[in-house]
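K.L.:
Sharing a structure with you now.
The values are calculated or read from the model by the stated rules, or taken from the named source; none is laboratory data. Bear in mind the structure is a predicted one, so any value in this text is a computation, not a measurement. Positions of Cβ are backbone-derived with ideal geometry, glycine not excepted, and every protein chain shown enters the neighbour counts. Each accessible area value is taken on the protein alone, full model and side chains, heavy atoms only, with ligands, DNA and RNA left out. Shrake-Rupley method; radii C 1.70, N 1.55, O 1.52, S 1.80 Å.
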Amino acid sequence: MRGPRLLSQGRLDEAEHALVASIDRAPSIDAYETLTTIYWKTDRLASASRSATAGLALLGDNSGDRYRRAKLERLSADVMRAAGNTRDANALYLDALRVWTTLGEDKNLPRTIAAERKLEFAHGMWYLGNTDRAVDLILEATDVAPDAPSICTEAVAFLLEVGKPIDALDAVHRGLSAPNLGELDKVYICLWVLADARRRGDEPDRQALDYLKSRHGDLWYELLAEAATNRLELPALRAAANTSPRQAELAFYGVVLGIDPATKDPAIKKQTLERVVSAQLVMDAEYDLARQYLSTP
């Protein structure tokens, strides 16, 4: 499916057209889920709701379909919440939780699925008002599958987005201690918590800072680590930003880590974050965080 590959490059319109074409040829739940996410994150909520409904209609009642149903119902709940329809959102969150429970006990599931279920449960519980239990579940998820990249990064990103920086640091520390979690993921979660601390006027976390200081090399994430710890000048980082995703990250981290001194000007800061959003990398944490920073300066 070409859609996700195009999406990762910020080619949103092309990705959307490819996904719609693939659905016309042979409807798939993957395409509907991705299309729903695109519509939701670009504020086309009616289209997102229609796409989710169409995707749910494809699903049966075997365990694989229940897994996909639970995820898509939670996504549909997010759409309803964004539309201000709290009643329907809560009903969908509850139904997603119910479907997740039908998959059995954690011990009988693959570790990554058990951890993903905890994250999904946490997401629903947070918006249903059970925030303390939601945080507990997120941290439990990082313990169940500490080396799974998507689990750790999603845990940290969600905790930052809902304003739980101390718990986000806890998740980061767990990730840094996981021997098989990749360097790339460790670098990005450290960048996120340093950016959040700077935004709040807090001291940078020592473990995150030390980890970034220990990274060096020519890979893009290594260059970001060097720039974030004052070991690489902005022109060198800019020269390496030779793709659209890298340019969006350069803009984002230039603002949130103070790498680009020009963004100290509030107007330039706002314009730069808007440029991050306009890059349309809707599956990246930087897209979500940039939107959040714009909405709550």
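K.L.:
Looking only at residues in the range 80-100 that are farther than 26 Å from Pro149 by Cβ and touching a Phe, Trp or Tyr at 6+ places or on another chain (Cβ under 8 Å), which one is surrounded by the fewest Cβ atoms within 10 Å (Cβ to Cβ)?
P.N.:
Looking at the filtered set, the residue picked out is Ala82.
K.L.:
Please tell me if Gly64 is at pLDDT below 95, open to solvent by less than 60 Å² (accessible area, probe 1.4 Å) and under 19 Å from Asp30 (Cβ atoms). Walk me through how you get there before you give the answer.
P.N.:
Details: at pLDDT below 95: yes; open to solvent by less than 60 Å² (accessible area, probe 1.4 Å): yes; under 19 Å from Asp30 (Cβ atoms): yes.
Spelling it out, Gly64 is indeed at pLDDT below 95, open to solvent by less than 60 Å² (accessible area, probe 1.4 Å) and under 19 Å from Asp30 (Cβ atoms).
K.L.:
Provide a single number: the residues in the range 136-158 that are touching a Leu at 6+ places or on another chain (Cβ under 7 Å), open to solvent by 50 Å² or more (accessible area, probe 1.4 Å) and farther than 14 Å from Ala285 by Cβ.
P.N.:
Result for the range 136-158: 0.
K.L.:
Something else now. Could you list all residues from the range 256-297 that are among the small types (Gly, Ala, Ser) and not in a helix (DSSP H, G or I)? It would help to see each step written out before you state the result.
P.N.:
First, the residues of the range 256-297 that are among the small types (Gly, Ala, Ser): 258, 262, 267, 278-279, 285, 290, 295.
Gly258, Ala279, listed by residue number.
K.L.:
Moving on to the next point. Give the residue that is nearest to the chain's Cα centre (by Cα), with candidates limited to residues of the range 38-61 that are within 27 Å of His17 (Cβ to Cβ) and open to solvent by 60 Å² or more (accessible area, probe 1.4 Å).
P.N.:
Asp43
K.L.:
Residue under question is Leu103, and the condition is that it be in a helix (DSSP H, G or I) and either within 21 Å of Leu56 (Cα to Cα) or open to solvent by less than 50 Å² (accessible area, probe 1.4 Å) (or both); does it hold?
P.N.:
On the way: in a helix (DSSP H, G or I): no; either within 21 Å of Leu56 (Cα to Cα) or open to solvent by less than 50 Å² (accessible area, probe 1.4 Å) (or both): yes.
Considered against the rule, which asks whether it is in a helix (DSSP H, G or I) and either within 21 Å of Leu56 (Cα to Cα) or open to solvent by less than 50 Å² (accessible area, probe 1.4 Å) (or both), Leu103 comes out as no.
K.L.:
Continuing with the same structure: How many of the residues in the range 181-208 are aliphatic (A, V, I, L, M) and either in contact with an Asp or Glu (Cβ under 6 Å, 6 or more places away or on another chain) or open to solvent by 30 Å² or more (accessible area, probe 1.4 Å) (or both)?
P.N.:
3
K.L.:
Which of the residues belonging to the range 159-180 are under 18 Å from Arg199 (Cα atoms), open to solvent by less than 50 Å² (accessible area, probe 1.4 Å) and in a loop (DSSP other than H, G, I, E, B)?
P.N.:
Val162, Gly163
K.L.:
Cβ-Cβ below 8 Å, separation at least six or inter-chain, first residue in the range 270-282 and farther than 16 Å from Ala241 by Cα, second of a type in the set (S, T, N, Q) and open to solvent by 30 Å² or more (accessible area, probe 1.4 Å): which pairs?
P.N.:
Gln280/Thr42; Val282/Thr42
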